[in-house]
Amino acid sequence: MKGKVIAIANQKGGCAKTTTAVNLAAALTRYGKKVAIIDADPQGSCTASLGYVQPDDLKVTLANIMTDIVNEEGIDLGEGILHHKEGMDLIPANIELAGLEVALINVMSRELILKAYVEEIRYYYDYILIDCMPSLGMLTINALVAADSVIIPVQTSYLPVKGLEQLLSTISKVRRQLNKHLKVEGILLTMVDMRTVYTRDMIVKVHEIYGQDPKVGTFAGYIPRSVRAEETCSEGVSIFKYRPDCKIARAYLGVAKEVLDHDAEEETRGED
Ligand code: ADP
Ligand code: MG
């Protein structure tokens, strides 16, 4: 078994990267998959929203693991991995990751550090989701190099076309220089409020521009705006534990199903 690695990236903050990482991981777990989330954001929001509310008190985090790899020290694979009660695992992060990102500047093969770790642990999981930080810096590049594909959450109330183009161009660059197999899983529209004409127009536009582009693509489903999503963050659990019947839970189950379908399609194509 060799799990699939999906980075959840967008250099814009607040577009639901972390919310997507947590709830997609929980949804895939509900489909019977073994899932790990890597928190690759020094803010540790993913770590905190899974209930580890004081990330800075954690002894072993992604920063220590990556530092050991940089120093060519052997890593104990299980070390630092937290087991969430909903079944998924978490490799947590805290502010120390910010220092590590700065230190990477002087490191040989600095883009490949996270990949070295992911290649070791991917045999234990069906899916590894990487929750990226809001920048296109070295940690995000590390995530894109370690990943098989990228999910790009985009907030519908604000389509930063320029930002999106910049992200897509970074992905192309990573593909050309460092990870030729990197795919875009799709743009995922988040915080969608269907009551506004602007949003409805924008959904059509995004599907027109990016849905038809074989190098990008869009998810057929979208994530509606709901206060349930915000409330969940402080509960330390996913939406499935907090409000399993709400529309956000249904939406993320749909996204998980689309991810599973993409993989089934790819497998069939591989067999041809
Ligand atoms: P990012 O990781 O991209 O910075 P977050 O996942 O932290 O974004 O989300 C930013 C904020 O928006 C959080 O307060 C989160 O609770 C809220 N949020 C996320 N998804 C939704 C949604 N579908 N509806 C309403 N609020 C949401
Ligand atoms: Mg985040």
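Key figures for this structure:
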item: For the chain, calculated [θ]222 nm from helices alone, where every DSSP H run of n ≥ 4 adds -39500 (n - 2.57); result: -13000 deg cm²/dmol
item: Gyration tensor verdict on the range 12-100 (Cα atoms; rounded if a/c is under 1.5, prolate if a/b is larger than b/c, oblate otherwise); result: oblate
item: Accessible-area ranking of E73, E185, largest first, probe 1.4 Å; result: E73, E185
item: Kirkwood-based shape ratio for the range 117-239, expressed as Rg/Rh from alpha carbons; result: 0.99
item: Choice from V145, V255, V227 showing the highest fluctuation, given a GNM over the chain with Cα pairs closer than 10 Å; result: V227
item: Acute angle (nearest 10 degrees) that the helix 17-30 long axis makes with the longest principal axis of the chain, alpha-carbon atoms; result: 90 degrees
item: Neighbour-limited loop hits for trypsin sites (Lys or Arg not before Pro), the range 50-135 (at most 12 other Cβ within 10 Å; DSSP other than H, G, I, E, B); result: K59, K85
item: Stokes-Einstein diffusion coefficient of the range 52-135, Kirkwood radius over Cα pairs, 37 °C, 0.692 mPa s, in µm²/s; result: 240 µm²/s
item: Considering only the chain, percent of DSSP beta bridges that pair antiparallel, nearest 5; result: 5 percent
item: DSSP beta bridge pairing in the range 127-247, given as percent antiparallel to the nearest 5; result: 0 percent
item: The range 70-213 - percent of accessible surface contributed by carbon and sulfur, probe 1.4 Å; result: 54 percent
item: For the chain, built as a Gaussian network whose Cα springs stay under 10 Å, the top-fluctuating residue of L104, L189, L129; result: L104
item: Most mobile listed residue (Y123, Y52, Y242) in the chain, GNM with C-alpha springs under 10 Å; result: Y123
item: Highest to lowest packing among 257-268, 6-17, scored as the average C-beta count within 10 Å; result: 6-17, 257-268
item: Per residue value of the accessible surface for the chain (all protein chains in place, 1.4 Å probe), Å²; result: 46 Å²
item: Inverse of mean 1/r across different Cα pairs in the chain, Kirkwood, Å; result: 18.6 Å
item: Mean-position separation - Cα centroids, the range 126-188 and the range 1-37, in angstrom; result: 13 Å
item: Distance from the range 75-117 to the range 222-272 (C-alpha centre basis), Å; result: 24 Å
item: Cut-off under 5 Å, modelled amide H: who pairs with K4 long-range; result: Y127, I128
item: On Cα atoms only, tilt of 247-271 relative to the major axis of the chain in degrees; result: 70 degrees
item: The chain - charge dipole about Cα centre, Lys and Arg +1 at Cβ, Asp and Glu -1, debye rounded to 20; result: 900 debye
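The values are calculated or read from the model by the stated rules, or taken from the named source; none is laboratory data. From a predicted model like this one, the values you see are computed outputs, not experimental measurements. Neighbour counts run over all protein chains shown; Cβ positions are idealised from the backbone, glycine included. When the accessible area is computed, the model is the full protein with side chains, heavy atoms only, and any ligands, DNA or RNA have been set aside. Shrake-Rupley method; radii C 1.70, N 1.55, O 1.52, S 1.80 Å.
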